Amino acid sequence: MTLDEKLGQIVGWWVDFGGDVVAPMQGEMTTTGRYDEATAHGLGHLTRVYGTRPVDPVERASWLWGEQRRLRSETRLGIPAIVHEECLTGLAAWQAATFPTPLAWGASFDEELVEHMATLIGGSMRELGVHQGLAPVLDVIRDVRWGRVDECIAEDPYVVGTLGTAYVRGLQQAGVHATLKHFVGYSTSDAGRNHAPAHVGPRFVSDVLLPPFEMAVLDGGVRSVMNSYAEIDGVPVAATPEYLTELLRDRWGFDGVVVSDYFSVAFLEVMHRVAADRGEAAALALEAGIDVELPTGDAYTAPLAERVRAGLVDEALVDRAVLRVLRQKDELGLLDETFDAAPDQVDLDSPAHRETARRLAEESLVLLTNDGTLPLLPSGTAGTIAVVGPNADSAAAMMGCYSFANHVLAHHPDVPLGIDVPTLLEALRAELPDWSVTSETGCDVEGDDRSGIEAAVESARRADVALVVVGDRAGLFGRGTVGEGNDVESLELPGLQRDLVEAVVATGTPVVMVVLSGRPYAIDWAIGGPSAPSAVVQAFFPGEKGGPALASVLSGRVAPSGRLPVSLPRSAGAQPYSYLHPTLGGPSEVTSADSTPVLPFGHGLSYTTWERSDLGLENAAVEAGDAFVATVTVRNTGDRPGTDVVQLYGHDVTGSVTRPVAQLLGFARVALDPGEEARVSFTVPAARLAFTDRGHHRVVEPGAIDLWVGPSCDIRETTATLDLTGGVYGVTGADARSTRVSIDRVPTVR
């Protein structure tokens, strides 16, 4: 291969580049030239051919098949291009299904359903000739002021790793390579600001930020990783071989391809200022371990070629990247693909897609409070319901910032959604056909226009129950209240929404508040006190079937089973916060500031009641390098069927470094009828309790471990004590990271 042919294989080309801005600082990049000239020597990636603007998928597939044939026939080597797309909440393309956002996956605690969803997403992508998906996001939530919280799964690394790895398995089972984002440190930026520095220590990186990526690499076999925009302690990750090569490849054994986040190679020059020009930026990134520059060639083209020819960059580094890309193309079957016939019909939103979207949406809904007002149909009664609020009749409010609707179609207001996304108002009218349903907007998501509040109040006053639907509108870079670039300084509900809720509550009508959002808000006033609604439901952008899912839970046809994947914050001033804090990170008598959340990680109510008891250990003492088995009895003590998320927590009583007051060790969804009980067993590798010691070695130390099961991280409903024995155990990559769960149902005693 010539140098030009090699460089062609390690860059992408954005065919629709220069149109609507759908990526950060796109307008400042310098890519110029004609596409046919840029692909004369071959091409590594075609960037977002379906996901940049609304295109008919069948027509675009025909173009793509022809383009791949052209690369086959009109370049000397005849190598087709990898096609990549965004797929965080489904394939980001017109007419494709939109699933719940990752924060909703976390609320579901359902590993199997997330894997199934990803398999469906991958099937749609493969049908359209897409080979690589830019998902999942494995950033651990630390500060909910950050706009990209709705793209994340949870504040717990194990939940992030478990569900993220399930997504990887599902997507790759369908023949599409998953891409882990954003490796590493992106979510720990100063003050929750996007693209801001991360001032975190190596122990925090090792114990909190890296485990989800390690799980997806070692347990999920992921084939691609994307670097983070972040700088950690002054060093941009894109120029850090310690992460991208020494850790990822040498220690973990990753043998896939590292792709750059969009423009991040050029950012080494224009944002981080560690490179004088694009050529130096290319040299830094290539040496660090970034194999492919995306979305297009700003640095790995002429600037890198000039340095290689001048002897300033070893061409062996280019060869290393090219070989990895060619190996990936071979794995994907691209080197043998002939592209004879493009699909002449596709269904990207099939009944299977919609059913999975509905199930995941239902499982993700979190009932925060309830005085008995919910469910609305305890005995088949009917009445009048006032549905008010800016998100009551909004399809956009169901979807996150990386949905095609909010990411791309927002720039094309005259183009229809292409999929059916019922609003909550529409879904309630279908769910409650015998009810009289009235509707008023009240106020907008943002802004200070209160002219509609009085009409909403009057509507509520005349009703038997009022539903106030508030929250976010997802978008990017200032277009919306949450999403990429939409970071906030306050965690109050945007605009006048709190005023609207309090005004409706003041009518005396029972009020159910539904929060449709991409982040948790500081709604302590709604959880208790004189202005608190009768019930509060949290929905994290539940996708295209979020409206029907919410309606079914509100009516009582479906029981709520979601749990908070992120603590409900007290205030913006209490950020960053994590339930994984040490004792020193909690409330104390030496400070007047209290970071205790309004509701804890793992919290979520049901329409039935639960009893968790008899937590026991198969062996009360095990070696620090072994596994232990903990078993608990869970019983549905109410009069309705339901699903409990059984949560096993642990606390290392004494460690050589400070340990968190609570750590989730395992979880299981258990569906039980009234009076039914089950014995749930967790087989937990002691390596789940590992941490980085003072010598920066990953170890499990002997000593006492408090164990408990409860409805959240804060409540110890049934307890046990484990003794880890022997010497300090050094954890290696071969150690199991996942907790196995078995469930034995006990015959119901009537």
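The values are calculated or read from the model by the stated rules, or taken from the named source; none is laboratory data. From a predicted model like this one, the values you see are computed outputs, not experimental measurements. All Cβ positions, even for glycine, are placed from backbone atoms using ideal geometry, and neighbour counts span all protein chains on display.
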Quiz item: Taking segment 159-183 on its own, how many of its residues are over 28 Å from GLY562 (Cα atoms) and out of contact with any strand residue (DSSP E or B) (no Cβ under 7 Å at 6 or more places or on another chain)?
Solution: 1
Self-check item: Residue check, THR188 crowded, with 24+ Cβ neighbours inside 10 Å and in contact (Cβ under 8 Å) with a residue 24 or more places away in the chain
Solution: yes
Quiz prompt | Tally of residues being within 33 Å of the chain's Cα centre (by Cα) and part of a loop (DSSP other than H, G, I, E, B) across segment 616-632 | solution = 3
Practice problem: Go through (1) on the phi < 0 side of the Ramachandran plot; (2) under 29 Å from the mean Cα position of the chain (by Cα); (3) assigned to a loop (DSSP other than H, G, I, E, B) and name the single condition LEU367 misses. | Solution: (3)
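Mind listing whichever residues of segment 492-517 are out of contact with any Gly (no Cβ under 6 Å at 6 or more places or on another chain) and under 23 Å from SER403 (Cβ atoms)?
Scanning segment 492-517 gives LEU493, PRO494, GLN497, VAL514.
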Self-check item: Breaking point among (1) touching a Leu at 6+ places or on another chain (Cβ under 9 Å); (2) over 17 Å from ALA668 (Cβ atoms); (3) part of a loop (DSSP other than H, G, I, E, B), for CYS713
Solution: (2)
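Could you go through segment 172-181 and let me know if any residue there is modelled with pLDDT of 95 or more, under 20 Å from ASP487 (Cβ atoms), part of a loop (DSSP other than H, G, I, E, B) and under 16 Å from the mean Cα position of the chain (by Cα).
Keep residues of segment 172-181 that are modelled with pLDDT of 95 or more, which gives 172-181.
Right, trim to under 20 Å from ASP487 (Cβ atoms) and you get 181.
Filter once more, keeping what is part of a loop (DSSP other than H, G, I, E, B): none.
No: segment 172-181 contains no residue that is modelled with pLDDT of 95 or more, under 20 Å from ASP487 (Cβ atoms), part of a loop (DSSP other than H, G, I, E, B) and under 16 Å from the mean Cα position of the chain (by Cα).
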Quiz item: Quick one: what pairs do we get from segment 153-165, first residue part of a helix (DSSP H, G or I), second of a type in the set (Ser, Thr, Tyr) and at pLDDT 95 or above, C-beta under 9 Å, 6+ apart or different chains?
Solution: LEU163/SER108
Quiz prompt | Residues satisfying the stated conditions in segment 233-270, i.e. surrounded by fewer than 24 Cβ atoms within 10 Å (Cβ to Cβ) and among the aliphatic types (A, V, I, L, M) | solution = VAL235, LEU247, VAL270
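I'd like the residue in segment 122-137 that is under 26 Å from LEU564 (Cα atoms) and assigned to a loop (DSSP other than H, G, I, E, B) and, out of all such residues, is farthest from the chain's Cα centre (by Cα). Steps first, answer last, please.
The first filter runs over segment 122-137 and keeps only residues under 26 Å from LEU564 (Cα atoms), leaving 134-137.
Filter once more, so that each one left must be assigned to a loop (DSSP other than H, G, I, E, B): 134-136.
Details: LEU134: 12, ALA135: 9, PRO136: 7 Å.
Among those residues, the one meeting the criterion is LEU134.
So which residues in segment 571-598 are among the hydroxyl-bearing types (Ser, Thr, Tyr), surrounded by fewer than 18 Cβ atoms within 10 Å (Cβ to Cβ) and within 21 Å of ARG519 (Cβ to Cβ), if there are any at all? Outline the logic, then answer.
So the first thing to find is which residues in segment 571-598 are among the hydroxyl-bearing types (Ser, Thr, Tyr), and the list is 571, 577-579, 583, 588, 591-592, 595-596.
From what is left, the residues that are surrounded by fewer than 18 Cβ atoms within 10 Å (Cβ to Cβ) are 571, 583, 588, 591-592, 596.
Residues satisfying the conditions are SER571, THR596.
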Quiz item: Where residues in segment 6-55 are closer than 23 Å to GLY483 by Cβ, at pLDDT below 60 and of a type in the set (Val, Ile, Thr), which of them is surrounded by the most Cβ atoms within 10 Å (Cβ to Cβ)?
Solution: VAL22
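Got at least one residue in segment 311-329 being assigned to a loop (DSSP other than H, G, I, E, B) and free of Cβ contacts under 8 Å to residues at least 24 places away in the same chain? Full working, then the answer.
First pass over segment 311-329, keeping only residues assigned to a loop (DSSP other than H, G, I, E, B): 311-314.
Filter once more, keeping what is free of Cβ contacts under 8 Å to residues at least 24 places away in the same chain: 311, 314.
Yes.
Taking ARG324, is it more than 25 Å from GLU426 (Cβ to Cβ), surrounded by 15 or more Cβ atoms within 10 Å (Cβ to Cβ), basic (Lys, Arg) and touching a strand residue (DSSP E or B) at 6+ places or on another chain (Cβ under 6 Å)? I'd like the intermediate steps shown before the answer.
On the way: more than 25 Å from GLU426 (Cβ to Cβ): yes; surrounded by 15 or more Cβ atoms within 10 Å (Cβ to Cβ): yes; basic (Lys, Arg): yes; touching a strand residue (DSSP E or B) at 6+ places or on another chain (Cβ under 6 Å): yes.
Yes.
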Self-check item: Residue under evaluation ARG69, criteria (1) buried (at least 24 other Cβ atoms within 10 Å of the Cβ); (2) among the basic types (Lys, Arg); (3) assigned to a helix (DSSP H, G or I), criterion not met
Solution: (1)
Quiz item: With LEU722, LEU672, LEU648, LEU665 as the choices, which residue is within 31 Å of the chain's Cα centre (by Cα) and farther than 15 Å from TRP610 by Cβ?
Solution: LEU665
Quiz item: Does segment 538-549 contain any residue that is among the aliphatic types (A, V, I, L, M), at pLDDT 95 or above and over 16 Å from LEU360 (Cβ atoms)?
Solution: no
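Per-residue answers, yes or no, for (1) out of contact with any helix residue (DSSP H, G or I) (no Cβ under 9 Å at 6 or more places or on another chain); (2) modelled with pLDDT of 95 or more; (3) assigned to a strand (DSSP E or B); (4) at positive phi:
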{"position": "ALA191", "(1), (2), (3), (4)": "yes, no, no, yes"}
{"position": "ALA196", "(1), (2), (3), (4)": "no, no, no, no"}
{"position": "VAL208", "(1), (2), (3), (4)": "no, yes, no, no"}
{"position": "PHE213", "(1), (2), (3), (4)": "no, yes, no, no"}
{"position": "GLY221", "(1), (2), (3), (4)": "no, yes, no, yes"}
{"position": "VAL225", "(1), (2), (3), (4)": "no, yes, yes, no"}
{"position": "THR245", "(1), (2), (3), (4)": "no, yes, no, no"}
{"position": "PHE254", "(1), (2), (3), (4)": "no, yes, no, no"}
Quiz item: Out of (1) surrounded by 16 or more Cβ atoms within 10 Å (Cβ to Cβ); (2) of a type outside the set (D, E, K, R); (3) on the phi > 0 side of the Ramachandran plot; (4) in contact (Cβ under 8 Å) with a residue 60 or more places away in the chain, what's the single condition that is false for HIS696?
Solution: (1)
Quiz item: Say we look at segment 417-434 and pick out the residues that are out of contact with any Ser or Thr (no Cβ under 7 Å at 6 or more places or on another chain) and over 13 Å from ALA395 (Cα atoms); which of these is surrounded by the most Cβ atoms within 10 Å (Cβ to Cβ)?
Solution: LEU428
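Given the options ARG635, ARG640, ARG679, name the one that is in contact (Cβ under 8 Å) with a residue 60 or more places away in the chain and not in a loop (DSSP other than H, G, I, E, B). Don't jump to the end; show me each part of the working.
Working: ARG635 fails: in contact (Cβ under 8 Å) with a residue 60 or more places away in the chain; ARG640 fails: not in a loop (DSSP other than H, G, I, E, B).
Criteria check complete, one pass: ARG679.
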Quiz prompt | Some residue of segment 98-121 being touching a residue at least 24 places away in the same chain (Cβ under 8 Å) and part of a strand (DSSP E or B) | solution = no
